[in-house]
Every structure is written in structure tokens, then in C-alpha cells.
1. What are the residues in region 28-40 that are in contact with a helix residue (DSSP H, G or I) (Cβ under 8 Å, 6 or more places away or on another chain) and farther than 13 Å from Q119 by Cα, if any?
2. Looking only at region 37-55, which residues are small (G, A, S) and modelled with pLDDT of 95 or more?
3. I need the full set of residues from region 22-44 which are surrounded by 18 or more Cβ atoms within 10 Å (Cβ to Cβ), within 24 Å of G124 (Cβ to Cβ) and not aliphatic (A, V, I, L, M), in order please.
4. When only residues in region 46-77 that are in contact with a Phe, Trp or Tyr (Cβ under 9 Å, 6 or more places away or on another chain), open to solvent by less than 10 Å² (accessible area, probe 1.4 Å) and among the aliphatic types (A, V, I, L, M) count, which is farthest from Q23 (Cα to Cα)?
5. Scan Q102, Q108 and give me the residue that is touching a residue at least 60 places away in the same chain (Cβ under 8 Å) and out of contact with any helix residue (DSSP H, G or I) (no Cβ under 6 Å at 6 or more places or on another chain).
6. So which residues in region 76-86 are of a type in the set (A, V, I, L, M) and modelled with pLDDT of 95 or more, if there are any at all?
Amino acid sequence: MNDKRGTVVGKGASAQLSPAMRQYVGMKKENPDAILFFQMGDFYELFFDDAVVAAPLLDIVLTSRSKKGDEPIPMCGVPLSAGIDYANSLTGLGYSVALARQVGDPKQTKGVVERVIWQVGTPGMPLTGETQAPREPHYVASIYPSSGGIGLAGLEVSTGEILLARFGNIENLRAEFITLATHECLVPDDCP
């Protein structure tokens, strides 16, 4: 699912935000189609439209943080230790998710703590802990129609297994998709 929720804040509004919130807005602009889990201490926090979308899907409380002008900023959060499970719940529902973690020590940092995007998950590419493997096979596929048939490339993301095939008709391709239980498929923009 490609989830276009629009901009986080309007022009000039970011000047009203705290340094951490400006950092969030910058990361969100770099990952506009992903729900951004933003580490703040022992929690991943979600803000603005991401919080509004995710809170009911994850069955967590939607609250607010400070204000942008006269409007409170929607917010929800999950414990850092459970963040990957919550994020994978969203990828399982068809959303893309980006995890931003703190790389600086808040006790040693003057100003805002440095954060980086360390994982991006999609329906076909589940998020994992640094030593954790996905719980089930996850195939990502790509198809390409040509005059010689329909080409299929599949990748099982936890093992690296690659499948390459060509099909003469859509019914055989569909049967292969059912067998693979493909989680995500990439197709060219000009695909009929």
C-alpha cells in the first residue's frame, strides 16, 4: 500500500517546532511514504498524521505533544523493546515503516541527539532485530512483461533464495504467486 498522507507541517511552521521535532520533520520529508518510528529515549514515538493513522491500527492511545501554533501535535508511542513487533504489524497491513534510532548519547550531547534511519520495512521486507530472522518466508517479486512472455524475479529476503522464471500467460504467473505467497510485487509503471 502506498500511503500518501501529505505534508507534516506547512511552510514556515517548522520554525515553531522544537529541535527534535524539526529533526523528525526532516526525516519524514526524506521518507514521505513510510510511517516514521522516531526513537526518543526508551520509546519509539510517532507524530502528526503517522500517529493518527497508526494509533487505531496498533490499538494504542493517541495523545498530543506541545503545540504547533495553536494546534496540538498528534502523538502516540510504543516501547523501544517492542517497536519492531509494532512496526511489523503495520507492514503486515500493507504500510511501509522507517525506524529512526538515536546514535548519540543524550547525556553526552549538547542540543538534539543525532538519529539515523536504521531500517525500512515494507510488506515484503519485514523488519528484524539485528540478530533476528523473519518468522516466515517473505518473498518480494518483480514482474516484467515482454514479447517473449512475463518475466518473474523473486527474492526470499531471509535466506537470499532467488527465483527467476518466464511465463507464457497470466494464469501460470498467478499460480506461482499463490505458491510463493508473495508479500510485495514491483511492477513497471507502464505495465498493462
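The values are calculated or read from the model by the stated rules, or taken from the named source; none is laboratory data. Owing to the predicted nature of the structure, the values given are computational and were not obtained by experimental measurement. No Cβ is skipped: glycine too gets one built from the backbone with ideal geometry, and neighbour counts run over all protein chains shown. With ligands, DNA and RNA removed, areas are computed over all heavy atoms of the protein, side chains included. Shrake-Rupley method; radii C 1.70, N 1.55, O 1.52, S 1.80 Å.
1. Passing the criteria: K28, M40.
2. Scanning region 37-55 gives A51, A54, A55.
3. Those that are surrounded by 18 or more Cβ atoms within 10 Å (Cβ to Cβ), within 24 Å of G124 (Cβ to Cβ) and not aliphatic (A, V, I, L, M): K28, F37, F38, Y44.
4. A54
5. Details: Q108 fails: touching a residue at least 60 places away in the same chain (Cβ under 8 Å).
Among Q102, Q108, only Q102 is touching a residue at least 60 places away in the same chain (Cβ under 8 Å) and out of contact with any helix residue (DSSP H, G or I) (no Cβ under 6 Å at 6 or more places or on another chain).
6. Step one: filter region 76-86 for residues of a type in the set (A, V, I, L, M), giving 78, 80, 82, 84.
Result: V78, single match.
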